[in-house]
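Data block below; observations after.
Values quoted throughout were computed directly from the atomic coordinates according to the rules given, and no laboratory measurement underlies them. Quick caveat, the model's predicted, so the values are computed rather than measured. Every residue, glycine as well, gets a Cβ built from its backbone with ideal geometry; the counts of neighbours run over all protein chains shown.
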Amino acid sequence: MSTEKATAIVIRLVDFSESSLVTTLYCREFGKIGALAKGAKRLKGPFESALDLLALCRIVFLRKTSDALDLLTEAKLLRRFWPAGKDLLRLYAGYYVAELLGDLTDEGEPHPQLFDLADETLVGLMGDEPVPQRVIRFELGLLRELGHTPSWETCVGCGRTVPTTGRIAFGHLDGGVLCTACRTGKKHVATVSAGAVRTLAQMADPLGNAWRRLEINPQRLGELRGILNHYLAHLLGRKPRMQAYLNKWWSRST
C-alpha cells in the first residue's frame, strides 16, 4: 500500500456500517477511486464532517494494490456545494454532474481537465449562471475529454461536410451528423435542425466563451436536450437517472 494525497470531489456516498461510509471520489490526480472511510459518520474524527455529496476536499488515502477498496484516512473540507437560493434545479444539476462522472469514467484514469471542468461547473451552479448553458457546457466537455465528442460538421460515415441549413440527420450510435447517402439503413437516427447543431458546436468549443452569452429559448433548449439526452443514453446503455428530474425543471430556467 502507498499513501497518496489528492484533491477530490465527493460523487457518491453509501452506508457501510453504523459509523463508516463507502465513498466514490473523483480526484484531480488519480481520477475516480472507491474508498472506505471508517468512522466517517462520527462527529469527531479525521474527516471533520467533510464527506458531503459534491463537496470539494483535500484527502489522504491508502492506495491498495489489489481490487479491494482504498482506505480513506483524512479529508479536509475545501468547499461545500450550496446551490444559489436553494434552487432545486441547481441541486439536481449538481447531482447530474456527479452521476455522469461516476458512470462514464473508469477507475484510476486521471483527467485533470475534466476535474477542473466539473469543479468550475459546480461553482457556476452555486452562483447565478444560467443552468442549461452550464450543464450543456459540462456534458460537451466531458464527452470531449473522454473521447466521445460527436462530429458536428462532417459526416461520420464518409467524412464529407454536411450542409448547415435545414434539417440534418444525427446518428446517436454513429456519433454525429450523417449525410443523406450515409443515413440510409442506419438505426437510431434523429432529424434535427441545423441551428441546434451549430449551437452545440459553438458550445463545445473548448477555447470559446460565446456560450456564456447564448440565450436559448424553450423550443431550442428542448431540441438540444433531446440530442444530448439520447446520445448519452446510448453511451451509458440507459438513461441517466437525474435526467428525469432535470427535464421537469428546464423550462423554468429560460
Within the chain, helix-based [θ] at 222 nm, where runs of 4 or more DSSP H residues each add -39,500 (n - 2.57), nearest 500: -10500 deg cm²/dmol
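Evaluate Rg over Rh across the stretch 2-79, taking Cα atoms for both radii and Kirkwood's formula for Rh.
0.92
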Positive-end extreme of charge dipole, the chain - chosen from Thr73, Leu101, Ile33 (charges on Cβ): Leu101
Simple label model, 7 Å out from Cα along Cβ direction - Gln243 to Gln219, nm: 2.4 nm
Gaussian network model of the chain, springs between alpha carbon atoms under 10 Å - residue of Arg160, Arg28, Arg63 with greatest fluctuation: Arg160
Inter-label distance, nm, simple model (7 Å from Cα along the C-beta direction), Val60/Gln113: 3.3 nm
Rg followed by Dmax, in Å, when the stretch 76-147 is reduced to its Cα trace: 12.1, 35
The chain - share of DSSP beta bridges that are antiparallel (%, nearest 5): 90 percent
GNM result for the chain, Cα springs below 10 Å: residue of Gly102, Gly195, Gly85 fluctuating most strongly: Gly85
Solution diffusion estimate, µm²/s, Stokes-Einstein, the stretch 50-116, Kirkwood Rh from C-alpha pairs, 37 °C, viscosity 0.692 mPa s: 235 µm²/s
Calculated diffusion of the stretch 155-251, Stokes-Einstein form, Kirkwood radius summed over Cα pairs, 20 °C and 1.002 mPa s, µm²/s: 148 µm²/s
Residue of Arg213, Arg183, Arg198 that the Gaussian network model of the chain assigns the largest fluctuation, springs spanning Cα pairs under 10 Å: Arg213
Violating pairs (Cα-Cα greater than 29 angstrom) within the set Lys64/Lys239; Lys41/Lys64; Lys32/Lys239; Lys76/Lys248; Lys86/Lys239; Lys44/Lys248: Lys64/Lys239; Lys76/Lys248; Lys44/Lys248
Dipole of the chain, positive end: most advanced residue of Leu207, Thr23, Gly222 [Cβ charges, Cα centre]: Gly222
Debye log10 I(q)/I(0) at q = 0.07, 0.09, 0.15 Å⁻¹ for the chain, Cα point scatterers: -0.28, -0.44, -1.05
Assigned charges on the beta-carbon of Lys, Arg, Asp, Glu; the chain dipole about Cα centre (debye): 600 debye
